[in-house]
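Input: a single structure, listed below in structure tokens.
The values are calculated or read from the model by the stated rules, or taken from the named source; none is laboratory data. In this text the structure is predicted, and so the values were computed from the model without any measurement. Cβ atoms come from the backbone with ideal geometry, glycine included; neighbour counts cover every protein chain shown.
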């Protein structure tokens, strides 16, 4: 039996900066159990006033660009300067087995032993965009625990994985020397959303020369693109994460970006827009859970998959069969009288209309309804045609009640008094 979770105690420990409580809260948020998700949602709502003060930086790049090595050096510099750094490393999941190595933490040797740093590797679990499904929730929990710098490391991405830009305040893209010409920078996608481009592995010697050449090409390309903010023009810098070169200048530009956009209110506006996108992402997730969790949908899914596998059904027709809305059964209400119908299975209802009661029937082609002292209505298609009741249906309905039967017979049906005789009184 699963032990109960004391959310109030977990919240208090989390706000005190307890690392074990933070790890437990993140595990609760990443769980796929419905009860765990409900507890995590309540926990996040309770600590929400203590969030929003950290600098959120998303770091992305192609596989092998040196993201983990750069984060290890940058994070160590920040902790030495007095910051508390949380690193959320997203590792790709296998499309065959679903497993993940979660090996990014092994490349952060210095930061993993730092008491002012917290590293949380998470699998992507099939989530597209380079981030995990619960990266937003994890960021809020880290901020509630007192971390003032959040570094989100994505999986190795290409040109279209830009989901991290909708989670963070600053979007840093790492590039390799000699990775392409200025045409690569003109292409729409990840570089269009970047707040800064850093050409990594700019070591001393020939590598630095190639990095400077690549940086010049990217600067020329960015002049063609329109920046997202009129306050900030994305710079292009060269760094070396392995040798910890020029990372202080990189962080200085991140702080400058935050100060400028905070003064104009763009940071807050960006976060509110991100919250709206987060809401719709949760709506999509819950609609998908309801769709695949219904027993009728599971049955239709098995039938559609079998039909598509045999070649009898097209994928489009199979998807339409799975996503078809369920039929809602009509629930009959108690009527204020007795309704007679010659057509079984008809859906009827009585509602107030013009101070009287109206009887509606859908469909009522060939139907005959009677209601005591109430005009009736025949609906054919979308048109409504009021008519007189046929003579054969003008009889009052029989109600199994002695009082009603006496009322229906009238005064004439009452028993007569015994006549008086001359021999009587």
When (1) buried (at least 21 other Cβ atoms within 10 Å of the Cβ); (2) assigned to a helix (DSSP H, G or I) are applied to residue 59, the one that fails is (2)
Please verify whether segment 303-326 includes one or more residues that are surrounded by fewer than 11 Cβ atoms within 10 Å (Cβ to Cβ), at pLDDT below 85 and not in a helix (DSSP H, G or I). yes
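Per-residue answers, yes or no, for (1) under 28 Å from residue 49 (Cβ atoms); (2) assigned to a loop (DSSP other than H, G, I, E, B); (3) modelled with pLDDT of 85 or more:
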position	(1), (2), (3)
115	yes, yes, yes
119	yes, no, yes
128	no, yes, no
138	yes, no, yes
142	yes, no, yes
147	yes, yes, yes
157	no, yes, no
160	no, yes, no
164	yes, no, no
If we keep only residues of segment 271-293 that are farther than 29 Å from residue 320 by Cα and surrounded by 12 or more Cβ atoms within 10 Å (Cβ to Cβ), then the residue modelled with the lowest pLDDT is 274
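This table checks each residue for (1) in a helix (DSSP H, G or I); (2) modelled with pLDDT under 75; (3) more than 30 Å from residue 231 (Cβ to Cβ).
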site: 269; (1), (2), (3): yes, no, no
site: 298; (1), (2), (3): yes, no, yes
site: 336; (1), (2), (3): no, yes, yes
site: 364; (1), (2), (3): no, yes, yes
query = Is it true that some residue in segment 44-51 is under 30 Å from residue 109 (Cβ atoms), surrounded by fewer than 21 Cβ atoms within 10 Å (Cβ to Cβ) and under 25 Å from the mean Cα position of the chain (by Cα)?
reply = yes
Only one of 202, 249 is more than 31 Å from the chain's Cα centre (by Cα) and touching a residue at least 24 places away in the same chain (Cβ under 8 Å), namely 202
Query raised in the report: Does residue 179 fit the bill of being touching a helix residue (DSSP H, G or I) at 6+ places or on another chain (Cβ under 6 Å) and either at pLDDT below 85 or surrounded by fewer than 24 Cβ atoms within 10 Å (Cβ to Cβ) (or both)?
Result: no
Notebook entry, point to check: Is at least one residue of segment 212-230 outside any helix (DSSP H, G or I), at pLDDT 90 or above and either out of contact with any strand residue (DSSP E or B) (no Cβ under 9 Å at 6 or more places or on another chain) or within 30 Å of residue 107 (Cβ to Cβ) (or both)?
Noted result: no
Expected single match for in contact with a strand residue (DSSP E or B) (Cβ under 7 Å, 6 or more places away or on another chain) and at pLDDT 90 or above among 261, 250 is 250
